[in-house]
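Participant: The structure is given below, and queries will be raised subsequently.
The values are calculated or read from the model by the stated rules, or taken from the named source; none is laboratory data. Source: prediction; values computed, not measured. Positions of Cβ are generated from backbone atoms using ideal geometry, with glycine treated the same way; all protein chains shown enter the neighbour counts. Accessible surface areas use protein heavy atoms only, side chains included; no ligands, DNA or RNA. Shrake-Rupley method; radii C 1.70, N 1.55, O 1.52, S 1.80 Å.
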Amino acid sequence: MTEQAIYSDRCWLDGRLQPATVFIQDQLITRVEPGRCEVAEDIPFLDAGNSVLMPGVIDVHVHVNEPGRTEWEGFATATRAALAGGITTIVDMPLNASPVTTTLAAFEEKLAASRDKLFANVGFYAGLVPGNGGEIESLINAGVLGVKAFLTHSGIDEFPNVTAADLEAVAPLLARRNVPLLAHCELDEAGTKAALELDPRSYAAYLASRPKVWENRAVEMVIDLCRRHRCPVHIVHVSSAEALPLIAAAKAEGLPLTAETCPHYLLFDAESIPDGQTIYKCAPPIRERANNEKLKAALGDGTLDLVASDHSPAPPDIKELQTGNLLKAWGGIAGLQFLLPASWTALRNVLTLEEFIPLLTEAPANFLRAGHRKGYLRAGYDGDLVIWNPEEQFVTSVAGLKHRHKISPYLDRQLYGKVQHTIIGAGYDSTDTQQPKQPKATWLFRK
């Protein structure tokens, strides 16, 4: 394939924004030259001007739902939405599909379902549920990037939550293989839903039904597991600011612990969510403004490592949009396409651009043990890039949304950070109304 070249005044190179030219051939970055290089006339050349040129965004937390629930979202729609949002790699969670990815056979079925549908690169996690501990090593051998477990009901009956004994049984294997446990940290207790049952449209009642203490206790539990077994632990979608000192202390202790939060915990707040607006329902819930300001600060000081979308879409009827019933509605935010601009909009007054970029590139690449091939602009690395303008404002719309269902709390909002081009290997994929015509991305396996 012909070599291609891209220049930007603000290329993310060696930890700073600087003028540079990136050359790509045969899906790989062949060289990166400081400044504007002379490019032969027969080499396709794109001048990005003052727009930011950086590695493609990596979203480590996405529910694609195929096979079995493709009517919720599938690989074709999810990866097209990813491209439109500057995302070149996503990692699919093991639940919401049917079958759930808790056996090697189910994993092979998922791979078959995704074949020839990938417009962005896709990696996969395995799931830990009661009774499948004997399956985990075969799934690791097959290349999964981590093992997901719920400490409370997942919302999918086929994916029950684990017990402390289940975690204890698999922790030595995860430590030996250096594979992270991804933990949904909520330990539920009875009695918290009483107010919500009386008034199922009340967001305040929903928030009280999943209190911070659920999350804090679960974080303490998995940190203790990490300490005793030295197994890698990744805490997904941190929403409780009260858990941040626990995470910071564990890191100071040198434990192999990482943690993420999501743009909906940064951009939205409980005080601004009207009753009956089930579009905002997720678990853990979106909390108070003061709580969420602490999450933003934690991304700046390193307590939280990265931002991921936790894209968990569902059809409108399952979201109970007509009834506004927060007790019955599916708990999940549809936000894959908006990970980059929503995160930047929420953080632009808190973090510099130089502090922000690694949260979506280097940090997720290193978490996935893929920092040797993704997340940086270096010779020999995968030629996955995004060009975007952090200063450009735009209003999100249904017309531009690539998700299967055109519902999202991010719609009809003014965001900062317009994506201009998303690049998978050599060639440019349109991010406007023209859909990419041919899938050309691939699977990301653990190596």
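Participant: Any residue at all in the range 49-70 that's of a type outside the set (D, E, K, R), over 30 Å from PRO316 (Cα atoms), in a loop (DSSP other than H, G, I, E, B) and modelled with pLDDT under 95? So that I can check it myself, show each step before the final result.
Facilitator: Applying the first criterion (of a type outside the set (D, E, K, R)) to the range 49-70 yields 49-58, 60-65, 67-68, 70.
Those still in the list that are over 30 Å from PRO316 (Cα atoms) too: 49-56.
Those left that are additionally in a loop (DSSP other than H, G, I, E, B): 49-51, 56.
Narrowing further to those that are modelled with pLDDT under 95: none.
Within the range 49-70, not a single residue is of a type outside the set (D, E, K, R), over 30 Å from PRO316 (Cα atoms), in a loop (DSSP other than H, G, I, E, B) and modelled with pLDDT under 95.
Participant: Which one is farthest from GLY331 (Cα to Cα) among residues in the range 271-292 that are surrounded by fewer than 18 Cβ atoms within 10 Å (Cβ to Cβ) and in contact with a helix residue (DSSP H, G or I) (Cβ under 6 Å, 6 or more places away or on another chain)?
Facilitator: Per the stated criteria, the residue is ARG289.
Participant: Next question. Give the range 364-412 a look and list any residue that's surrounded by fewer than 23 Cβ atoms within 10 Å (Cβ to Cβ), out of contact with any Asp or Glu (no Cβ under 6 Å at 6 or more places or on another chain), of a type in the set (D, E, K, R) and touching a residue at least 60 places away in the same chain (Cβ under 8 Å), or say none.
Facilitator: Correct list: ARG369, ARG378, LYS402.
Participant: Taking the condition touching an Asp or Glu at 6+ places or on another chain (Cβ under 9 Å), surrounded by fewer than 23 Cβ atoms within 10 Å (Cβ to Cβ) and either under 23 Å from ASN141 (Cβ atoms) or touching a residue at least 40 places away in the same chain (Cβ under 8 Å) (or both), does LEU104 pass? Before you say what the answer is, go through the steps one by one.
Facilitator: On the way: touching an Asp or Glu at 6+ places or on another chain (Cβ under 9 Å): yes; surrounded by fewer than 23 Cβ atoms within 10 Å (Cβ to Cβ): yes; either under 23 Å from ASN141 (Cβ atoms) or touching a residue at least 40 places away in the same chain (Cβ under 8 Å) (or both): yes.
Spelling it out, LEU104 is indeed touching an Asp or Glu at 6+ places or on another chain (Cβ under 9 Å), surrounded by fewer than 23 Cβ atoms within 10 Å (Cβ to Cβ) and either under 23 Å from ASN141 (Cβ atoms) or touching a residue at least 40 places away in the same chain (Cβ under 8 Å) (or both).
Participant: For the range 159-195, which residues satisfy the criterion of being in contact with a helix residue (DSSP H, G or I) (Cβ under 6 Å, 6 or more places away or on another chain), in contact (Cβ under 8 Å) with a residue 60 or more places away in the chain and over 19 Å from SER239 (Cβ atoms)?
Facilitator: ALA171, VAL179
Participant: Would you mind stating whether GLU41 is assigned to a loop (DSSP other than H, G, I, E, B) and open to solvent by 30 Å² or more (accessible area, probe 1.4 Å)?
Facilitator: On the way: assigned to a loop (DSSP other than H, G, I, E, B): yes; open to solvent by 30 Å² or more (accessible area, probe 1.4 Å): yes.
Spelling it out, GLU41 is indeed assigned to a loop (DSSP other than H, G, I, E, B) and open to solvent by 30 Å² or more (accessible area, probe 1.4 Å).
Participant: Shifting gears a bit: Quick one: is GLY56 open to solvent by less than 30 Å² (accessible area, probe 1.4 Å), more than 29 Å from the chain's Cα centre (by Cα) and not hydrophobic (A, V, I, L, M, F, W, C)? Write out each step before concluding.
Facilitator: Working: open to solvent by less than 30 Å² (accessible area, probe 1.4 Å): yes; more than 29 Å from the chain's Cα centre (by Cα): no; not hydrophobic (A, V, I, L, M, F, W, C): yes.
No.
Participant: Looking at the range 161-183, which of its residues are in a helix (DSSP H, G or I) and open to solvent by less than 40 Å² (accessible area, probe 1.4 Å)?
Facilitator: Here is the first cut: in the range 161-183, the ones in a helix (DSSP H, G or I) are 164-177.
Hits for the range 161-183 are ASP166, LEU167, VAL170, ALA171, LEU173, LEU174, ALA175.
Participant: Tell me yes or no: at least one residue of the range 251-266 is within 30 Å of GLU320 (Cα to Cα), more than 17 Å from the chain's Cα centre (by Cα) and open to solvent by less than 10 Å² (accessible area, probe 1.4 Å).
Facilitator: Taking the range 251-266 as the starting set, the residues that turn out to be within 30 Å of GLU320 (Cα to Cα) are 260-266.
Narrowing the set further to residues that are more than 17 Å from the chain's Cα centre (by Cα) leaves none.
Checked against the condition, which is being within 30 Å of GLU320 (Cα to Cα), more than 17 Å from the chain's Cα centre (by Cα) and open to solvent by less than 10 Å² (accessible area, probe 1.4 Å), the range 251-266 yields no hits at all.
Participant: Among the candidates VAL233, VAL238, single out the residue that is touching a Cys at 6+ places or on another chain (Cβ under 9 Å), under 20 Å from PRO341 (Cα atoms) and among the aliphatic types (A, V, I, L, M).
Facilitator: VAL238
Participant: I've got another one for you. Using the structure shown, decide if GLN438 is part of a loop (DSSP other than H, G, I, E, B), over 29 Å from TYR125 (Cβ atoms), open to solvent by 70 Å² or more (accessible area, probe 1.4 Å) and at pLDDT below 95. Break it down stepwise before answering.
Facilitator: On the way: part of a loop (DSSP other than H, G, I, E, B): yes; over 29 Å from TYR125 (Cβ atoms): no; open to solvent by 70 Å² or more (accessible area, probe 1.4 Å): yes; at pLDDT below 95: yes.
Judged against the criteria, GLN438 is not a match.
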